Amino acid sequence: MKQEKTEPLLDAGFWRAVAVMAIISAALMWGVVVMPIDRYLPEASTVSKPIDDLFRFCAFFGAPIFVFVNGFLLYFAIRYRHRADEPMDAVGSDIHEHHGLELTWTIIPSILMIVLAVLSYRVIPLYYPTDQAVASAVTLEAIGHKFYYEFRYPGLRQSVMNELHLPIGVPVTIDVTSAEESPDVQTGAVIHSFWVPEFRVKQDMIPGMVIPIHVTPDQIGIFRIVCSEFCGLGHSHMWGKVVVQSKEDFDKWYADQNRAAAAEAAGVQPISLAGGVASAGQTLFNAKCVVCHNAAPFAQRKVGPGLADLFDDPDHPDLVTGKTATPSNVADILVHGAHGDMGVMPNMQANGLSSKDVADLVAYLQTLHH
Ligand code: CUA
């Protein structure tokens, strides 16, 4: 049964609601135009500004869309609520097949989408290089691990862990990928993310795929690298930093890296375990090791086994390296890391441990067994 139309299609109340929403929208759009994004999140690469302009475009038109969609939802719910004296099948304003309305809500979003597509198409090649040879002066590699970043520089003999040094104003290509540390589905390859908010660059690190991204830092400073893909228990601990330096400072750092590598190759000094402080080791353990290990019996695993009985466990007399559980053999794992059937333990550099830290941790682990 079709209900008779009893009121005008769009009455005075409708237009009053539109006027209110228009004022709110205008205020928000003004806010979007004047908002100093750079003050809250520095624009630290050459792509930051164009990305922020895209954001501004989306927010500028997104504001009225949000206000009108939700405003009408609210207004109509109140205006056309069921009243006690109306039949159950009463229809309010019948706008079914109202061509004017349908054209409006089809054409406006379509135009916005097309403009956004064209604008984006001009920004994307700024960080996804199309012509690599022209695009960059340096190519380096960023590899996601559980739960740290490894960076490989051309000409450096050792990887740099968690700290990406870049010279200001130099276009670099970063080949981004994730390590396939183990074929085991539980412990093996996962997706990480290389995200530097100040650069406005975010790229998933995908096992088996190398994705080049392009960055030209244009602000000296230290910025955070964030893993934004849930990659396991240590995800929230997966931080790195980008150090953007002057060309001179960068060259100095680069030279120091090779010098350090040469010194290490010349003679690895054994770590002295004497003087390890258990309480300092406990603090460190609770800050770093707990990401993967419990201070509990072996069976209480996280990524790796519980370590409480490390030095006295009849069921597991040997370490993951196959050696007996002596303090120096445990220190050896802390220094060099280990590859076990449960997963991969990063080395001392990746874990950000000093020689003293290793001694403290070994001292602490020795106090755990009761
Ligand atoms: Cu790596 Cu989250």
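Within the stretch 222-252, how many residues turn out to be outside any strand (DSSP E or B) and either more than 16 Å from the ligand (Cβ to nearest atom) or touching an Asp or Glu at 6+ places or on another chain (Cβ under 7 Å) (or both)?
Adding up the residues that qualify gives 8.
Starting from residues that are within 14 Å of the ligand (Cβ to nearest atom) and closer than 22 Å to Asp53 by Cα, keep the ones in the stretch 197-221 and report whichever is surrounded by the most Cβ atoms within 10 Å (Cβ to Cβ).
Gln203
Determine which single condition Lys323 fails, assuming it passes every other condition in (1) surrounded by fewer than 17 Cβ atoms within 10 Å (Cβ to Cβ); (2) in the same structural domain as Val196 (by TED's automatic domain parsing); (3) not hydrophobic (A, V, I, L, M, F, W, C).
(2)
Scan the stretch 285-299 and report the pairs whose first residue is assigned by TED's automatic domain parsing to the domain that holds Tyr364 and whose second residue is among the acidic types (Asp, Glu), with Cβ atoms within less than 8 Å and a gap of 6+ or a chain change.
Listed by first residue and then by second, the contacts come to Pro297/Asp309; Pro297/Asp313; Phe298/Asp309; Phe298/Asp313; Phe298/Asp315.
The values are calculated or read from the model by the stated rules, or taken from the named source; none is laboratory data. Here the structure is a predicted model, which is why all the values come from computation and not from measurement. Every residue, glycine as well, gets a Cβ built from its backbone with ideal geometry; the counts of neighbours run over all protein chains shown.
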